[in-house]
1. Tell me, what is the per residue accessible area of region 134-218 in Å², probe radius 1.4 Å?
2. What FRET efficiency do you get for residue 528 and residue 642 if R0 is 45 Å and r is their Cβ-Cβ distance, rounded to the nearest 0.05?
3. Express the C-alpha Rg of region 462-666 as a ratio against the empirical globular expectation 2.2 N^0.38 Å, rounded to two decimals.
4. Once both axes come from the Cα atoms, what is the angle between helix 2-11 and the longest principal axis of the chain, in degrees from 0 to 90, rounded to 10?
5. What is the percent carbon and sulfur in the accessible area of region 176-326, measuring with a 1.4 Å probe over the protein chains and ignoring ligands?
6. Pick out, in residue order, every one of the GluC sites (Glu not before Pro) in region 1-75 that is DSSP loop and has at most 14 other C-beta atoms within 10 Å; say none if there are none.
7. Which net charge results when you count Lys and Arg as +1 and Asp and Glu as -1 among the other residues whose beta-carbon is under 14 Å from that of residue 523?
8. Can you tell me the dipole magnitude for region 248-384 around its Cα centre, using point charges on the Cβ only (Lys, Arg +1; Asp, Glu -1), in Debye to the nearest 20?
Amino acid sequence: MNELLATAVGAVGGSERPGQVAMAEAVGRSIRTGDHLAVQAGTGTGKSLAYLVPALRHAVATEGTVVVSTATIALQRQLIDRDLPRLEKALAKELGRKPTFAILKGRRNYLCLNKLDSGMEDEPDDAVLFDPFAVSRIGREVTRLREWVSDTETGDRDELVPGVSEQAWRQVAVSARECLGKSRCPMGADCFAEKAREEAGRADLIVTNHALLAIDALQGYQVLPEHDLVIVDEAHDLVDRVTSVATAELTSGVVTAAARRAARIVDQEIADRLLEAGDGLALIMDDLPVGRLDEMPKPLSGTLTALRDAAHACITGLGSEKSGDVDVQTARKLALSQLEEVHDTAVRLLDAWDGDVSQRRDVVWRTGDSGMGPPRPPTIKVAPLAVSGLLRERLFGQTTTVLTSATLTLGGNFDSMARSWGLPPENGPSEQLPGAATEKSIEGPKWTSLDVGSPFDHARKGILYLAKHLPPPGRDGLPPAYLDEIKELMESAGGRTLGLFSSMRAAKQATEELRKRTSLEILCQGEDSTALLVRKFAEDEATCLFGTLSLWQGVDVPGPSLQLVIVDRIPFPRPDDPLASARQRAVEARGGNGFLSVAATHAALLLAQGTGRLLRSTDDRGVIAILDPRLATARYGGFLRSSLPSYWTTSDPEVVRAALGRLDTSAD
Ligand code: SF4
């Protein structure tokens, strides 16, 4: 293994790193024993090579397939465009042949030739219908897609530059549920999604995303080819992505669209019943309070029953799957998929409020308009309280799995993560949620953990500044003292500042106020595409970038453009976050510490991710400034601090400003 890794590292122009070797050996061991493995490997370890090398060796030796799943497109691209092409050449001799790899995305990412050919466009939603500009823009985009089809070899949406709107893409793509199936589809032989799947089936290694992995494991559609090893990179995001896949939602627009599609096939009278039920939902929805719905709102019960029954009548009215020509079958399949979605969500919602609130497996809430981006219609969402039981049974119960990330230990151990995945905690059982893996899970599945540390010397390269003297964060925006502190810090640093705020409101407030007070350029998330803003920030050292959640995890800017990370407040979930608050309550109902298990754990993960933006290469140096004094003073502060690497820590603003000044001068 070591020789193979050394060859691979040589091919990518790197040098041997002890953490990388230890990780590759552990992955090799996990493949041999079948025990699952969780590996924490800090930025700069070279963890992708540490799992790709043993994974490719295993796949070639067994003629099997390995699946690598990522949370972000950036990592997917890095693997497909950089790491794997280099390894393909470098390892060919030692492995006896060139290893092969492929990328596999969900069916919706590929253009559906049958839908394009049959002209079965989706009904435009109401917002679009009333906007003539949107209608003509979508028409132009669909025409472009029709032209593109003769140029593209893959039909992959990501290869269409410039891209098209989601509404236009929806006209030419289908979900797995809507697909006719290769054998029945007249375009099956040329289908882009099928070709991608076939290619993936022949590959030694498939790169995919957590959502597709979740659909394959949890929803009973076999979307991934047979495989005997799964590697989950960016594993800190697995639970959130799986929860998203297991979340259903209902809007009156979805019901109307399903009814209109059904009306093309079933008796108008039957479709009208569903339309009426959808109208009823629209009326009720306006009166529902925004937020978690712990009890079934009275009028909703009748509406959901009506929706369920009307959708069922439409499904029955669609008739047999095999009857009619291909256009009828296509129309039927598209309608069926939408109707089943409405029906199944109505059934799930009708069951969601059964029993005592502390025993329920699903959480229901009504969303409001966030006030950002295009207006979203009122929506009812239903999500599982926990996905650990599902993961334990359908992922760990089936396939050897390696989970890795730079952030897997919280409060100094893997237990919080292990629990959320459905693996038995190393330090014994604790709070369980309904839908979680049961206490029996202490007996298995077998797994081991490894923290290979980081090649960075955090204590010498980074300062953790705990601004103890500041007031606690308030409810009404950033306190004036915070704005003063941010100004002092960013001016001492000569720009080079990434401001990570706990809300978009705070990021905007800081941007507006500080633009008045300093000549340093400040970019704010939302003012352009995030990728472009990050590029501008990286190119100009004197520039600062302020933003919220996606920046906490998505910025990778090594070098002197980023020497100061400012965090305004500990990123606890909002008190009105429906899932987090329901999880907290469920833990407390079992006598556990809901705050520590849910809110503090969530904050620890985000804090580790956000502050991890500072040191991206061995030469990087800088300061992490946490303005929220509770990190230094509150009881849970110790838990949060122990989730971070051991930076040199101070609460003295003078020391920090002097250090930033020295860094600024040395970078010039
Ligand atoms: S097989 Fe499915 S995705 Fe492919 S062209 Fe036919 S309907 Fe579309």
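The values are calculated or read from the model by the stated rules, or taken from the named source; none is laboratory data. All values derive from a computational prediction rather than experimental measurement. Heads up, the Cβs are rebuilt from the backbone with ideal geometry, glycines too, and the neighbour counts pull from every protein chain shown. Protein only, heavy atoms only, side chains kept; ligands, DNA and RNA dropped before computing areas. Shrake-Rupley method; radii C 1.70, N 1.55, O 1.52, S 1.80 Å.
1. Per-residue value: 46 Å².
2. The calculated FRET efficiency here is 0.75.
3. It is 1.00.
4. The angle comes out at about 90 degrees.
5. Carbon and sulfur together cover 50 percent of it.
6. 16, 63
7. Computed value for this residue: -2.
8. 300 debye
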